[in-house]
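Scroll down for the structure; my scribbles are underneath it.
The values are calculated or read from the model by the stated rules, or taken from the named source; none is laboratory data. Everything numeric here is computed off the predicted structure, so don't read it as measured data. We place every Cβ from the backbone using ideal geometry, glycine too, and count neighbours over all the protein chains shown. Accessible surface areas use protein heavy atoms only, side chains included; no ligands, DNA or RNA. Shrake-Rupley method; radii C 1.70, N 1.55, O 1.52, S 1.80 Å.
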Amino acid sequence: MELFDYTMLRLIWWALLGILLIAFAIMDGFDFGIAMLQPYVARNDVERRVLLNVIGPVWEGNQVWFILGGGAIFAAWPMLYAVSFSGFYLAMFLILLALIVRPVAIAFRGKVDNERWRRIWDWSFVVSGFVPSLIFGVAFGNLLLGVPFHFDQTLRLTYEGNLFGLLNPFALLCGLISLLMLAMQGGTFLALKSEEPIAGRAVKATSVAAIAYILLFTIAGVWIAHSIKGYVIDAPAISDGPSNPLLKTVTRADGAWLANYASHPWTVLAPALAYIGALGTLVFARKRAALLAFAASSLTIAGTICTAGFSLFPFLMPSSSNPQSSLTVWDASSSPTTLFIMLVAAIIFVPIIIAYTSWVFHVMRGPVTAEQIETGSHNLY
């Protein structure tokens, strides 16, 4: 444990949490995106089955990143886990319900040769992509606004909000940005893994999503700069102090979410990468360079999540009802021993996950075609 002090361990796990969120959004994001795009890109039964078989071999593996992210929050940031999973309980329930519906829709759709039966599961599949994509964006929007919770002197949590309170205009804007971002990801992956006419429709959907993303991402930035107060720790933060959020003083200030970009100019790379990625997605998709378009869309995701993370730092979850209760990187973590043991485990197991995921995508390379669906009905979705 002498290799890293408490401050460094906290920074490492803040960065690892961001990496896990990015990996989840990139990998499971194209599953969500393909589900959302199904009504437009798939016009008949065979084409809908193509979509199911594009993600069929990989969606379960992609969800590993979601589990890792949740596990990292539980073990590294227990206070963040307690507030988010209790305060956002109904929102989390909707996400989990959607994640449960997705495999059921994929597996049950072909069990009965009936058009109405299949339509029900087709729309269930669409909803399973739409709901998590929207709610994840809404959650990030509420983090930037502040979440209505506070601790008493014994660190007992009180949450004062509700599900409908989360659906405010700025949070819904962030939800739309998330929808468009993941629609881009799904469209680029579908263009990579399918043939005409599905690939052509996916390119058109991706282009529209990229243009709309650039517009809404810009509106959100202007909104944050001019209409949303950020949070500031008044005294110099004690980066290696105890995990007690009540030991600091926090105030709200205009433009505070932009302060990190002024004091650390390199952080401007995050929103720049988001814009560059979206523009690259638009250009490469139209040029039918599917792999480059997918890489650019992934860059957009990384830039977007990093933009939110850099803006909030060192805050993890600001409190709108009592700013002093806000959770930060410096006062919401587990002990140094826990963080170090988890870091060792991450160093061992994350490369293994990356290796077997890469192998699966290598084995399953190449497009899924309508001909394969029609000749392989007995062993395909």
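Put a plus charge on the Cβ of each Lys and Arg, a minus charge on the Cβ of each Asp and Glu, and nothing anywhere else: the dipole of segment 119-197 about its Cα centre is then about 80 debye. In the chain, a dipole from Cβ-located charges (positive for Lys and Arg, negative for Asp and Glu) runs towards its positive end, and of Ser227, Gly309, Val203 it is Val203 whose Cα lies farthest in that direction. Farthest toward the positive end of the dipole of the chain, out of Ala270, Thr158, Pro148, is the Cα of Ala270, where the dipole comes from beta carbon charges about the Cα centre.
If contacts are Cα pairs under 8 angstrom and at least 6 residues apart, what is the relative contact order of the chain in percent? Before the final figure, lay out each step's value.
Values: 584 pairs, mean separation 94.3, N = 381.
Here the relative contact order equals 25 percent.
Counting only heavy atoms of the protein chains and using a 1.4 Å probe, Tyr381 has close to 90 Å² of accessible surface.
On a per residue basis, the convex hull of the C-alpha atoms belonging to segment 1-46 measures out at 72 Å³. Quick one: check the C-alpha center-to-center distance for segment 153-228 versus segment 95-119, whole angstrom. Going from one Cα centre to the other spans 25 Å. Surface composition of the chain: carbon plus sulfur atoms contribute 71% of the solvent-accessible area (1.4 Å probe, protein chains only, all chains present).
Taking Ser297, Ser239, Ser325 in turn, the Gaussian network model of the chain (Cα-Cα springs below 10 Å) assigns the largest fluctuation to Ser239.
Accessible surface calculations at 1.4 Å, restricted to protein heavy atoms, place the chain at 46 Å² per residue. Here's the list of lysines a cross-link from Lys193 could span, going by alpha-carbon distance under 28 Å and ignoring same-chain residues fewer than 8 apart: Lys111, Lys204, Lys287.
Each of Asn53, Thr218, Pro245 was scored by the projection of its Cα onto the charge dipole of the chain, and the greatest displacement toward the positive side belongs to Asn53; charges sit on the C-beta of Lys, Arg, Asp and Glu.
Rounded to the nearest 0.05, the FRET efficiency derived from the C-beta distance between Arg43 and Ser239 at R0 = 56 Å is 0.50. Given the choices (1) 44, 23, 18; (2) 32, 21, 20; (3) 38, 22, 20, semi-axes √(5λ) of the Cα gyration tensor in Å derived from the coordinates of this structure is entry (3).
Figure note: Thr249, Thr158 ranked by solvent-accessible area, largest first, 1.4 Å probe, ligands and nucleic acids not counted: Thr249, Thr158. Dimensions of segment 60-133 along the principal axes, based on C-alpha atoms and rounded to the nearest Å, stand at 49, 24, 15, largest first. Legend: helices of the chain (whole DSSP H runs) are marked when their alpha-carbon atoms reach 24 angstrom or more along the helix axis and their mean Kyte-Doolittle hydropathy is at least -1.0; marked are 6-41, 89-108, 115-145, 169-193, 198-227, 269-286, 290-312, 336-363. Magnitude of the charge dipole for segment 58-135, about its Cα centre and with charges confined to Cβ atoms of Lys, Arg (+1) and Asp, Glu (-1), is about 180 debye. Annotation for Ala262 and Ser321: the two label points, set 7 Å from Cα along the Cα-Cβ direction, are 3.2 nm apart. Bridgeable lysines around Lys248 (alpha carbons under 25 Å apart, same-chain partners fewer than 8 residues away excluded): Lys229.
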